[in-house]
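Written below as structure tokens is the structure these notes are about.
Computed from the coordinates by the stated procedures, all read-outs in this text should not be read as laboratory data. Treat the numbers as computed from the prediction; the structure is a model and nothing was measured.
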Amino acid sequence: MINSKQRSYLRSMAHDLDPVAYIGKFGLTDNVIKQIDVCLEARELVKVKLQEGCDLKVKDVANDVAEALGAEFVQAIGHKFTLYRESKENKQIVLPR
């Protein structure tokens, strides 16, 4: 569980990130979840975008993905959300205490 100071730090890091996965009209599929999982292991901090054809709510999808992958929900703005999960083999981000 991350605290508010760490969440703020991650938000600042996520500002310049481009989305690594897109969720379209077919919704949250297994392939999208696998893609996000691989990206979380490689980068630790990822941004995901819901396309215009997707009828799902951003925060609901973000919480579902975070729960499925053991990640932390960082933020949701518009049609994008950000997730964080500490990498087991490729640790890059050092969170403030």
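Give me the number: length gained by fully extending Asp64 to Lys88, i.e. 0.36 nm times residue separation minus the C-alpha to C-alpha distance, one decimal in nm.
6.5 nm
Which of (1) 1.14; (2) 1.24; (3) 1.01 is the computed Cα Rg over 2.2 N^0.38 Å for the structure on display?
Correct label, based on the coordinates given: (3).
State, in angstrom, two size descriptors of region 1-55 derived from its alpha carbons: Rg to one decimal place and Dmax to the nearest whole number.
Taking only Cα atoms of region 1-55, I get Rg and Dmax of 12.7, 35 Å.
Count the DSSP beta bridges whose two residues both fall in the chain, then state the antiparallel fraction as a percent rounded to the nearest 5. Kindly include the intermediate steps, with their values, before the conclusion.
Numbers: 10 of 13 bridges.
The antiparallel proportion sits near 75 percent.
How much length is gained if the chain between Thr29 and Asp16 is pulled fully straight, taking 0.36 nm per residue apart and subtracting their Cα-Cα distance, in nm to one decimal? Write down the numbers at each step before the final one.
Numbers: separation 13, 0.36 × 13 = 4.68 nm, distance 2.61 nm.
The Thr29-Asp16 span can extend by a further 2.1 nm.
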